[in-house]
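Worksheet: the structure to be examined is printed underneath.
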Amino acid sequence: MRKDVKTGMFIGTGLCLVGLVWFCAEQRISLSPGPRPGRDIEKIVEAPVTVYEPPRLPQKAIAPAPPKQPKVVTSPASVRMAVHTVKPGQTLSDISKIYYNTTQNWKKIYEANRQKFPKGPNAIKTGIKLVIPE
């Protein structure tokens, strides 16, 4: 047999023995004859057992859910909107900065004019008239 095969078998056997010793120690298994603590049925002493019972919560009467309120929809005539013509180099963030003093509301403008952006919000063209919601 080759030397490297013998070495591998020796190392493998050693590892198996180390694992067996560790397992026995972890499980508290005694390899020597004699009484084993916790294993011999004759030596089991009956102790009183206390069972934990969680405290009972008072039962509440389940009230019926309140009726759903209808959604109030404002008509387009009641919403004030401005119209903006896109200039060269402008983005929706730039237009949002002009009307809302923040670049974060570009999505409002995009949602109000979604049909004018078939390829997405980055496909903005010069000269498009955009509705700016209030």
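The values are calculated or read from the model by the stated rules, or taken from the named source; none is laboratory data. Worth saying up front: this structure is predicted, and the values here are computed from it rather than measured.
Observations on the model:
- Identity of the residue in the stretch 102-134, closer than 15 Å to Val86 by Cα and among the hydroxyl-bearing types (Ser, Thr, Tyr), that ends up farthest from the chain's Cα centre (by Cα): Thr126
- Residue count for the stretch 64-119, restricted to those that are at pLDDT below 65 and in a loop (DSSP other than H, G, I, E, B): 11
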